[in-house]
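As structure tokens, the structure follows; a few thoughts come after it.
The values are calculated or read from the model by the stated rules, or taken from the named source; none is laboratory data. Note that the coordinates shown come from a computational prediction; the quantities given were computed from them, not determined experimentally. For neighbour counting, all protein chains shown are included, and Cβ atoms are generated from backbone atoms with ideal geometry for every residue, glycine included.
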Amino acid sequence: MLGLSGAVWLPFLGAALHPLLGWCVQRGSAGGVRLGAIVGIANLITATIFIAYLRPEFDLRLVGKDWWAVGNGLLFFLGQWFSIQSVKSGDLAVHSSALGIKVVIVAFFSMLVGLEMSSFGLVVGVVLAVLAVFLVAGGSIEGWRIHRQTVGLTLVACLFFGTNDFLTGWQAQSVGTGRWMCLMIGTSGLVSLGFVFRRRESFVLMKKEPILGIVVLGAGLALGLQSLWVNIAFSEYQQPTLSNVVYSSRGVMAVLFLMLIGKKADHQFRGRQAGGAVLMVVALIIVLL
């Protein structure tokens, strides 16, 4: 029961932070901060949070499946890159809900290796998930066209994130949870350093406009805490499909967040988005069952 609670509550907390992360990315990007700088700073803050929490004490020589964790770090970085590209100019509710499709990838691979039981619900869940994305994009062909870039970039991010989540749930305990996560996030942080150095003009801009610096740091903090909670859920409780279903509630969270900050939108459009976000959660519950 304790394991189940961790598999549920940790990704739920991560879902609650997701809209704030997206909003910070949009504000920073709109202010002129380059995406490379945002991704780099966010991933470096994430690595710092992981190391501060896990306090690793181990040999840095890579042996055996340590290389899996390093490869997983590259997948995590690529997932972040495409996800933030999607958020940059897209609708937060569309991005957050469409990101739920990564559960299908996690479920497929988990069932393939026997980590979780296979289910006919996977097929039904895929159909409902596609319908949910259509609704959250406005429920019309025109809405789909408007948001096709957001959806497309999000689906690419799903491929990397889904594989990352599956590998963490499958192999983290064989390496050691703390070691796996530090190697994974550390790899992502090292790759991010290159982007930070190449985007030095963004630091000049943030120095001139401190509010932009605060927003970008906020994005990093939100990403770090969210990633820590979700990856602990995946690695410690080894129920990646269940945790992803709970994490998919970020679509609903995004709709509520946009309403809370007074984001202007047609009531009918926002109603369809809410319906699509809820349908995505239902679809992923069916995948689980």
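Cβ-Cβ under 7 Å, sequence separation 6+ or interchain: first residue in region 195-215 and under 10 Å from VAL33 (Cα atoms), partner of a type in the set (Val, Ile, Thr). Which pairs?
SER202/VAL33; LEU205/VAL33; MET206/VAL33; MET206/VAL216; LEU212/VAL33
Here are some conditions: (1) in a helix (DSSP H, G or I); (2) farther than 28 Å from GLY28 by Cα. GLY139 meets all but one. Which one does it not meet?
Every listed condition holds for GLY139 apart from (1).
Among GLY218, GLY176, GLY186, GLY224, which is the only one that is surrounded by fewer than 21 Cβ atoms within 10 Å (Cβ to Cβ), modelled with pLDDT of 80 or more, closer than 30 Å to VAL278 by Cα and not aliphatic (A, V, I, L, M)?
Within the list GLY218, GLY176, GLY186, GLY224, the selection yields GLY218.
If you check GLY64, GLY22, GLY31, which single one turns out to be surrounded by fewer than 18 Cβ atoms within 10 Å (Cβ to Cβ), in contact (Cβ under 8 Å) with a residue 60 or more places away in the chain and more than 24 Å from TRP180 (Cα to Cα)?
Exactly one of GLY64, GLY22, GLY31 is surrounded by fewer than 18 Cβ atoms within 10 Å (Cβ to Cβ), in contact (Cβ under 8 Å) with a residue 60 or more places away in the chain and more than 24 Å from TRP180 (Cα to Cα), namely GLY31.
Looking only at residues that are more than 22 Å from the chain's Cα centre (by Cα), at pLDDT 70 or above and farther than 13 Å from LEU92 by Cβ in region 263-276, which one is surrounded by the most Cβ atoms within 10 Å (Cβ to Cβ)?
The extreme case among them is ARG272.
Looking at this structure, is VAL204 at pLDDT below 85, over 29 Å from TYR53 (Cβ atoms) and buried (at least 23 other Cβ atoms within 10 Å of the Cβ)?
Answer is no for this residue.
Taking the condition of being among the charged types (D, E, K, R) and either surrounded by 17 or more Cβ atoms within 10 Å (Cβ to Cβ) or in contact with a helix residue (DSSP H, G or I) (Cβ under 9 Å, 6 or more places away or on another chain) (or both), how many residues in region 125-167 meet it?
1
To keep it simple, each residue is scored yes or no on (1) modelled with pLDDT under 80; (2) crowded, with 19+ Cβ neighbours inside 10 Å; (3) of a type in the set (D, E, K, R); (4) touching a Leu at 6+ places or on another chain (Cβ under 9 Å).
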residue: VAL70; (1), (2), (3), (4): no, no, no, yes
residue: HIS95; (1), (2), (3), (4): no, yes, no, yes
residue: LYS102; (1), (2), (3), (4): no, yes, yes, yes
residue: ILE105; (1), (2), (3), (4): no, yes, no, yes
residue: SER110; (1), (2), (3), (4): yes, yes, no, no
residue: LEU115; (1), (2), (3), (4): yes, no, no, no
residue: GLY121; (1), (2), (3), (4): yes, no, no, yes
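Of (1) at pLDDT below 85; (2) crowded, with 24+ Cβ neighbours inside 10 Å; (3) under 15 Å from LEU190 (Cβ atoms); (4) of a type outside the set (Asp, Glu), THR46 satisfies all except one. Which?
Exception for THR46: condition (1).
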